[in-house]
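**Q** I'd like to ask some things about the structure below.
The values are calculated or read from the model by the stated rules, or taken from the named source; none is laboratory data. Small disclaimer: the values here were computed from a predicted structure and weren't measured. Ideal geometry is used to build each Cβ from the backbone, glycine not excepted, and the neighbour counts take in all protein chains shown.
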Amino acid sequence: MQQDWESGFEQVAGAIAHSLQNDEQFTLSLVGEHSQFMRVNHARVRQIGSVEDCSVTLQLMGNQRTVSQGFSLTGDAALDQQAAQAAVEELRQELGQVPADPYQVVPSGSAISREVYPGELLPAEAVAATVLEPVQGLDFTGLYAGGQVVRGYADSAGQRHWFATDTFALDYSIFTADGQAVKGALAGNTWDGDTYAAKLAESTLQLDRLAQPPKSIPRGSYRTYLAPAAIADIIAMFSWGGVSEAALQQGDSALALLQRGEKQLSPKFTLEENFSRGAVPRFNDLGEIAPIQLPLIQQGKLVNTLVSSRTAKEYGKESNGASSGEGPRSPVVHPGHLDPAQALHALDTGLYLSNLHYLNWSDRPTGRITGMTRYACFWVEHGEIVAPIENLRFDESLYHCLGDRLVDLTTTVEFIPEVGTYGHRSVGGSWVPGCLVDDFTYTL
Amino acid sequence: MISNLHQILSTLDFPADWVGLRALRESSTYRELRDGLPEVNHRSVDAGVMVEVMVQGQLGYGAVNSFDPARIREAAQQAYAQANAASQWAIHAITPSVRPKVVGHYASPLVKPLNALSPGEINEILARICKLLKQSDAIVRTSALATTQEIDTWFVSSNGSEVHQQFSLIETYYGAIAQEGAQVQKRSNNGMLAHCYQGGWEMFLDDTLWQRVEQIGAQTLALLTAEECPTERTTLVLAPDQMMLQIHESVGHPLELDRILGDERNYAGGSFVTLADFGNLSYGSELMNITFNPTVAGEFASYGFDDIGNPATREYLIKDGVLQRGLGSLESQTRTNVPGVACARASSWNRPPIDRMANLNLEPGTEPAAAIIGDIEHGVYMEANRSWSIDDQRYKFQFGCEYAQRIENGTLTKPLRNPNYRGTTPEFWHSLVRIGAADTWEMYGTPYCGKGEPNQAIRVGHGSPLCAFDGIEVFGGGA
């Protein structure tokens, strides 16, 4: 039976508020999910099951000190309140032992929000047949993950937030006999068989392009079209030593050269945080509500960084509702002028990359990223696909591929869902266009 | 707990071929200081149970964050229903032989318990580290962290298994960033959280700590004015803290049988290794001996039994350069007929076991470090990983390190900054030409080995001696 986490969370928050002493303050954050997982290989079930998980993190603040504790919210009211009480007492003892934090930020806002997005998902026992029957005969592999995801927040200032969404994500690959593959993803609040069928039809059409043996491409620089999923991987690097104000202040950002004006990004490149689609909670780990829209890089200029309240206090900046990690939570890259239907024609001769894999900074201070091509990637001549390619390693600076060598971005953006499930299911995703780049550097 | 789980098991009334209950309770602490000031003082308790149910050759699982018998029974019922519904779609019909009966106990070695230091004492040590790292105004960031876990796991099954394992784990990190103008350099103690061990505070607070902190601070500053790593093919000597990553990415992952079977193709990827390669493939030079060894005292991923109860033993995966067996659990072994190891592991109670590395070690040779370096006329020495990337078949890699030195006429000379190297897995391991003796062997680990759908980050340990490779492509930073 599905637990009522919202009322349990309210009760725990109320009990903690009631137990505060002197100048103590608290924040309480919740992450929970009821999830159905089915792992597929060769269009058969490899693993299947369900997970019911919910935990809270209690931060206790007092005497300029902050300590925190995480514990499970089980749905058993008495047990959960007992766990909360024990956590408060343990944390209170610890408060006296840790050093003072000059950059402590105590909750102070008055924001309250409640967003609930109901959906129509597949019943657990129907997942295998519904997903697998249409793909019999294909070498289909991937993960179906569905169910309710919740996030909650409460604090001693009276702020309260609740975000619940019934979602599913089917992240899959379809392989040819010689190991080439097409990648696809389907995500949303409501499972729709027709949409699934259309998506599969699109994927199987792409499979036909992979019929020829892969071509080996020598290392070098090639004009390259990066499809939206590939751009999403590059944009994800902005979360890791990118637009974080703390990272910039502490010598740990690839965008320091941009901030100091020593390197430029293309005036065609604009990146913003945009919560208007409601796919992720707007509240952060201090209960603050982020602005609906915040430009980060506008026409190549770094116009805003992501500034958490703690960073703001330390460096004398204005907070803009960023989470403590200061990474984009709902990134949107603005479109350009390239008709996606004309992408191959505009590419002319070079490489068409559907996906990338395993990106990492190879030299963060200079913005250089290395990674691999993956899935349906092609050698193109005179606007026509010649053959799929053997995977290539690239090693290229942001200041080139999104800077002086960026030719254009497509006129449309695609939603690339965040399908990660480390610890718990992620929500949201990025909205990105495709991108045409000159002289993209391949090294192996 | 064992008796409670047995009691629950005895009340399950569905017609399953096999049922297993795996309970886990993890208490952890995480304390981090930056520039000598507190960033995080966190503790947590996580607990739950996974029930696995086998019906007509298919396993289903149900996991719940509670030890409440009613909730566990409910999870078991869900697991049964899903196994039943999926059984006609099973990729490989299994039998209870992949979950044999086992009874046993394991506990991490422990000298100085994790609760021996108070939160205040830990903060004082981390603050002192930050202070010692800050050797000049050019050091713009210092950080130090320590995280501990005490984990109990209990496993019972319908065919009589009873296993209790108790793990004591400690992970530490400290490092600095130095900056002068556009030049930025980061240096740390063997790379991000490489200091991962089983045991207690004795694994961190040893006699070398403060001297090492001072060395890291000094090297951070030295990197600011160091020469760029040259772009050339040369003899590359890798320290054990970088060999850890090299073994992990280019030996461990490609030998996972579930990757070779295709289970991971949609996420982590496949492997350039095929099932026919086991027993035949020359993976590297004859100096290469790789063992799967969860029995090393203090190494991060030691255990008595994997998460399905298979007893852990030391096994050669690669012997004298030739591939012998895979990283495959009992399930993968039945699917492939390839010999495997006890490696069915889950990151926690809320994820099902899959094929994982545990401790994967390069066995030492006989050569002293001085002999290896002394015989190199021209080369580069690198240590401490800072960048890692490899393709989905685990073939083409590029790795970067924090710190390097030139080797000139048999001597380590000036430092080099932004060192990187790249290559392909078989060519690289065949270029292994010198391997250090046991006194050069060091063990490290990481808590962040990522794999699986749903995703699982798991703890692994890797030990290696100093190694030299001929004809490797090295290069520096910059755009």
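**Q** For the stretch B:339-370, give me each residue that is within 20 Å of B:CYS467 (Cβ to Cβ) and in contact (Cβ under 8 Å) with a residue 40 or more places away in the chain.
**A** Those that are within 20 Å of B:CYS467 (Cβ to Cβ) and in contact (Cβ under 8 Å) with a residue 40 or more places away in the chain: B:MET357, B:ASN359, B:LEU360, B:ASN361, B:LEU362, B:GLU363, B:PRO364, B:GLY365, B:THR366, B:GLU367, B:PRO368, B:ALA369.
**Q** Are any residues in the stretch B:119-173 farther than 30 Å from B:GLY309 by Cβ and in a strand (DSSP E or B), and if so, which ones?
**A** B:ILE139, B:VAL140, B:ARG141, B:THR142, B:SER143, B:ALA144, B:LEU145, B:ALA146, B:THR172, B:TYR173
**Q** So, B:GLN179, is that one out of contact with any helix residue (DSSP H, G or I) (no Cβ under 7 Å at 6 or more places or on another chain) and either more than 24 Å from B:ARG459 (Cα to Cα) or in the same structural domain as B:PRO415 (by TED's automatic domain parsing) (or both) or not?
**A** Here the answer is yes, as B:GLN179 does meet what is asked.
Residue-wise test of (1) more than 14 Å from B:LEU205 (Cβ to Cβ); (2) surrounded by fewer than 18 Cβ atoms within 10 Å (Cβ to Cβ).
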site	(1), (2)
B:SER108	yes, no
B:LEU117	no, no
B:LEU126	no, no
B:LEU133	yes, no
B:LEU145	yes, no
B:ASP152	yes, yes
B:PHE155	yes, no
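**Q** Have a look at B:ALA178, B:ALA83, B:ALA76 and point out the one that is farther than 21 Å from B:MET192 by Cα and at the interface with another protein chain (Cβ under 10 Å from one of its Cβ atoms).
**A** B:ALA83
**Q** A:GLY367 passes all but one of (1) away from chain B (no Cβ under 14 Å); (2) under 23 Å from the mean Cα position of the chain (by Cα); (3) at positive phi; which number fails?
**A** (1)
**Q** Continuing with this model, one more query. Inside the stretch A:65-102, can you point out the residues that are among the polar types (S, T, N, Q), touching a residue at least 24 places away in the same chain (Cβ under 8 Å) and farther than 16 Å from B:PRO119 by Cα?
**A** Scanning the stretch A:65-102 gives A:THR74, A:GLN81, A:GLN85.
**Q** Still on this structure: Which of the residues belonging to the stretch A:216-257 are touching an Asp or Glu at 6+ places or on another chain (Cβ under 7 Å), of a type in the set (D, E, K, R) and surrounded by fewer than 21 Cβ atoms within 10 Å (Cβ to Cβ)?
**A** The answer is A:ARG223, and nothing else.
**Q** Provide a single number: the residues in the stretch B:190-229 that are touching a residue at least 60 places away in the same chain (Cβ under 8 Å) and not aliphatic (A, V, I, L, M).
**A** The total comes to 18.
**Q** Something else about it: Give the residue that is surrounded by the fewest Cβ atoms within 10 Å (Cβ to Cβ), with candidates limited to residues of the stretch A:60-88 that are out of contact with any helix residue (DSSP H, G or I) (no Cβ under 7 Å at 6 or more places or on another chain) and farther than 21 Å from B:ARG25 by Cβ.
**A** The selected residue is A:GLN64.
**Q** Please indicate, with yes or no, whether at least one residue in the stretch B:89-96 is within 9 Å of chain A (Cβ to nearest Cβ), in a helix (DSSP H, G or I), crowded, with 20+ Cβ neighbours inside 10 Å and of a type outside the set (Ser, Thr, Tyr).
**A** Within the stretch B:89-96 (the criterion being within 9 Å of chain A (Cβ to nearest Cβ), in a helix (DSSP H, G or I), crowded, with 20+ Cβ neighbours inside 10 Å and of a type outside the set (Ser, Thr, Tyr)), the answer is yes, since at least one residue qualifies.
**Q** Going by the conditions given, is A:ALA312 under 22 Å from the mean Cα position of the chain (by Cα), among the hydrophobic types (A, V, I, L, M, F, W, C) and either surrounded by fewer than 20 Cβ atoms within 10 Å (Cβ to Cβ) or not in a strand (DSSP E or B) (or both)?
**A** no
**Q** Have a look at A:TRP361, A:TRP431 and point out the one that is at the interface with another protein chain (Cβ under 8 Å from one of its Cβ atoms) and of a type in the set (A, V, I, L, M, F, W, C).
**A** A:TRP361
**Q** For the stretch B:245-264, give me each residue that is surrounded by fewer than 24 Cβ atoms within 10 Å (Cβ to Cβ) and farther than 29 Å from B:GLY191 by Cα.
**A** The answer is B:GLY262, and nothing else.
**Q** Of all residues in the stretch A:103-126, count the ones that are facing chain B (nearest Cβ under 8 Å) and in contact (Cβ under 8 Å) with a residue 40 or more places away in the chain.
**A** Total satisfying the criteria: 2.
Conditions tested, residue by residue: (1) of a type in the set (Asp, Glu); (2) outside the structural domain of A:GLN250 (by TED's automatic domain parsing); (3) within 28 Å of B:ALA268 (Cα to Cα); (4) in contact with a helix residue (DSSP H, G or I) (Cβ under 9 Å, 6 or more places away or on another chain).
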site: A:ALA346; (1), (2), (3), (4): no, no, no, no
site: A:THR349; (1), (2), (3), (4): no, no, no, no
site: A:ARG368; (1), (2), (3), (4): no, no, yes, yes
site: A:GLY371; (1), (2), (3), (4): no, no, yes, yes
site: A:VAL380; (1), (2), (3), (4): no, no, yes, yes
site: A:ILE385; (1), (2), (3), (4): no, no, yes, yes
site: A:GLU390; (1), (2), (3), (4): yes, no, yes, no
site: A:SER397; (1), (2), (3), (4): no, no, yes, yes
site: A:VAL437; (1), (2), (3), (4): no, no, yes, yes
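**Q** Please find, among B:PRO113, B:PRO109, B:PRO69, the residue that is more than 7 Å from chain A (Cβ to nearest Cβ), at pLDDT 95 or above and more than 28 Å from B:GLU171 (Cα to Cα).
**A** Step by step, each of B:PRO113, B:PRO109, B:PRO69 is checked, and only B:PRO69 is more than 7 Å from chain A (Cβ to nearest Cβ), at pLDDT 95 or above and more than 28 Å from B:GLU171 (Cα to Cα).
**Q** Given the criterion at the interface with chain B (Cβ under 8 Å from one of its Cβ atoms), on the phi < 0 side of the Ramachandran plot and modelled with pLDDT of 95 or more, identify the matching residue among A:ASP171, A:ASP76, A:ASP80.
**A** Step by step, each of A:ASP171, A:ASP76, A:ASP80 is checked, and only A:ASP171 is at the interface with chain B (Cβ under 8 Å from one of its Cβ atoms), on the phi < 0 side of the Ramachandran plot and modelled with pLDDT of 95 or more.
**Q** Another question, then. In contact with a Pro (Cβ under 6 Å, 6 or more places away or on another chain) and under 27 Å from A:GLY423 (Cα atoms): which single residue out of A:GLN81, A:GLN47 fits that description?
**A** Step by step, each of A:GLN81, A:GLN47 is checked, and only A:GLN47 is in contact with a Pro (Cβ under 6 Å, 6 or more places away or on another chain) and under 27 Å from A:GLY423 (Cα atoms).
**Q** Please state which of the following conditions B:ASN361 fails to meet, knowing it meets all the rest: (1) within 12 Å of another protein chain (Cβ to nearest Cβ); (2) touching a Ser or Thr at 6+ places or on another chain (Cβ under 6 Å); (3) not aliphatic (A, V, I, L, M).
**A** (1)
**Q** Could you say whether any residue in the stretch A:160-182 is more than 20 Å from the chain's Cα centre (by Cα), among the aliphatic types (A, V, I, L, M) and in a helix (DSSP H, G or I)?
**A** no
**Q** Quick one: is A:VAL135 within 30 Å of A:SER319 (Cα to Cα) and assigned by TED's automatic domain parsing to the domain that holds A:SER29?
**A** No.
**Q** Next question. Condition first: within 20 Å of B:GLY436 (Cβ to Cβ), touching a residue at least 40 places away in the same chain (Cβ under 8 Å) and either of a type outside the set (Gly, Ala, Ser) or surrounded by 20 or more Cβ atoms within 10 Å (Cβ to Cβ) (or both). Now tell me which residues in the stretch B:274-303 satisfy that.
**A** Residues satisfying the conditions are B:TYR283, B:GLY284, B:LEU287, B:MET288, B:ASN289, B:ILE290, B:THR291, B:ASN293, B:VAL296, B:GLU299.
**Q** Please verify whether B:GLY200 is farther than 24 Å from B:GLY436 by Cα and either surrounded by 21 or more Cβ atoms within 10 Å (Cβ to Cβ) or of a type in the set (Lys, Arg) (or both), treating the condition exactly as stated.
**A** yes
**Q** In the stretch A:407-433, which residue that is in contact with an Asp or Glu (Cβ under 8 Å, 6 or more places away or on another chain) and farther than 30 Å from A:ALA164 by Cβ is surrounded by the fewest Cβ atoms within 10 Å (Cβ to Cβ)?
**A** Among them, the one singled out is A:THR411.
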